[in-house]
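The values are calculated or read from the model by the stated rules, or taken from the named source; none is laboratory data. What you are looking at is a predicted structure, and each value in this text was computed from that prediction instead of being measured. Note that each Cβ is placed from the backbone with ideal geometry, even for glycine, and that neighbours are counted across all protein chains shown. Protein only, heavy atoms only, side chains kept; ligands, DNA and RNA dropped before computing areas. Shrake-Rupley method; radii C 1.70, N 1.55, O 1.52, S 1.80 Å.
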Amino acid sequence: MTALCLDHLSLCDVPALELVEIAGTLECAAVSLFVRPLPLGPYRDLVDDPAARREVIAALRDTGLEVGIVEPFMLDETPDWSGMERTAALAAELGGDINALAFDHEPARLRESMGRLARIARSHGTRMTIEGFSLSTVRTPAEALAMAEASGEHVGITVDTLHVMRTGGTWADVAAVPPERIFHVQLADGPAQAPADLAVEAVSGRLPPGQGEF
C-alpha cells in the first residue's frame, strides 16, 4: 500500500516538531524532514542538538508516524563528509531514506561523491535516493536513474512532479523508470507556464495536486 507522507516543503514555514503534529492530525502515515538549519524555513538542528532531536523522536513515537526522506544531502564540489555521516546516522535512527541532490558540475567527481554517499548510507543501515531537480546538475528522472545505477544496486530515485515538468519532461519519462528504482514520489501541482524564479517556486510556490495544470 502507498503511504501518504507530508513533506516538509508542503509547510516550509514550520519546524519539524510542528510538522509532525500537523501530519498526525491529518492522519498521514509519515513525514519527510529537513533535519539541519537551512534558509528555507525555521528548521532546528536535529543532528547536533540532542534536545531538539529527542523532542521530534518523541513526537513521532506519540503520533505513530514514520519518516520518508531525510534532507539535506547536497553534493557540491566540497561536501561536508563529517556532516553527511552524522546526518546519515540520524536518518537511520529515524528510519528514513537519504535524499541526495547534485550541485557539482564536474561529472566524474559527482559520480564519486554519489557512490561515497551511497556507501555511507549502507554503512548506517539506510537507503539512498537521488532526486532530479530543475536547478541541480542531475535534473531529469532519466539522469537520476543513471546516477542511481552508477551509485549502487540499492540506490533509488525520488520523482518530483514539479521538477519533471520544469525540466521539460513527460509522464512517459517517469513510466520508463523501473518501478523498483522509484523509492519516493513527491506530488505537487503548478501552472503550465514556469515562473521566472524556479527556486522560489520549488520551495514556497507549490500547489496541492489538482489546483494547477499538471
Task: Listed residues Glu55, Glu213, Glu27, Glu71 arranged by accessible area, highest first, probe 1.4 Å - done: Glu27, Glu213, Glu55, Glu71
TODO: Report the extension gain between Val185 and Arg86 in nm, rounded to one decimal, defined as 0.36 nm multiplied by the number of residues separating them, less their alpha carbon distance.
DONE: 33.1 nm
Open item on the list: Ignoring ligands, DNA and RNA, please state the percent of accessible area on the chain from carbon and sulfur, probe 1.4 Å.
Closed with: 54
TODO: Compute the length gained on full extension between Phe103 and Ala150: take 0.36 nm times their separation in residues and subtract their Cα-Cα distance, giving the result in nm to one decimal.
DONE: 15.2 nm
Task: Top of Thr126, Thr140, Thr170 by mean-square fluctuation, Gaussian network on the chain, Cα under 10 Å - done: Thr170
Open item on the list: Only four residue types carry charge here, +1 at the Cβ of Lys and Arg and -1 at the Cβ of Asp and Glu. Report the dipole size of the chain about the Cα centre in Debye, rounded to the nearest 20.
Closed with: 380
Open item on the list: If the elastic network links every pair of Cα atoms under 10 Å, which of Ile130, Ile22, Ile120 fluctuates the most in the Gaussian network model of the chain?
Closed with: Ile22
Task: Nearest-0.05 FRET efficiency for Leu17 and Arg119, computed from C-beta distance (R0 41 Å) - done: 0.85
- [ ] Starting from the Cα gyration tensor of segment 11-85, take the square roots of the eigenvalues, sort them a ≥ b ≥ c, and report rounded, prolate or oblate (rounded when a/c is under 1.5, otherwise prolate if a/b is larger than b/c, else oblate).
- [x] prolate
Open item on the list: So, taking all protein chains as they sit and a 1.4 Å probe, how much accessible area belongs to Arg139, in Å² rounded to tens?
Closed with: 90
Open item on the list: Running a GNM on the chain with Cα contacts under 10 Å, which residue among Asp48, Asp173, Asp13 ends up with the highest mean-square fluctuation?
Closed with: Asp173
Task: Potential extension, Ala194-Glu213 segment - 0.36 nm per residue separation minus Cα distance - done: 5.7 nm
TODO: Just report the Cα centroid separation between segment 43-112 and segment 169-193, whole Å.
DONE: 23
TODO: Restrict the search to segment 44-141; then list the chymotrypsin sites (Phe, Trp or Tyr not before Pro) that DSSP places in a loop and that have at most 16 other Cβ atoms within 10 Å of their Cβ.
DONE: Phe103
TODO: Amide H neighbours of Ile157 under 5 Å, at least 5 residues apart or on other chains, H built in the peptide plane: list them.
DONE: Ile130, Ile182, Phe183, His184
TODO: Could you do me a favour and compute the accessible area per residue for the chain, 1.4 Å probe, result in Å²?
DONE: 49
Open item on the list: Not counting ligands, DNA or RNA, and with a 1.4 Å probe, what is His124's accessible surface area in Å² rounded to the nearest 10?
Closed with: 70
Task: Helix-only mean residue ellipticity at 222 nm for the chain, each DSSP H run of n ≥ 4 adding -39500 (n - 2.57), per residue, nearest 500 - done: -11500 deg cm²/dmol
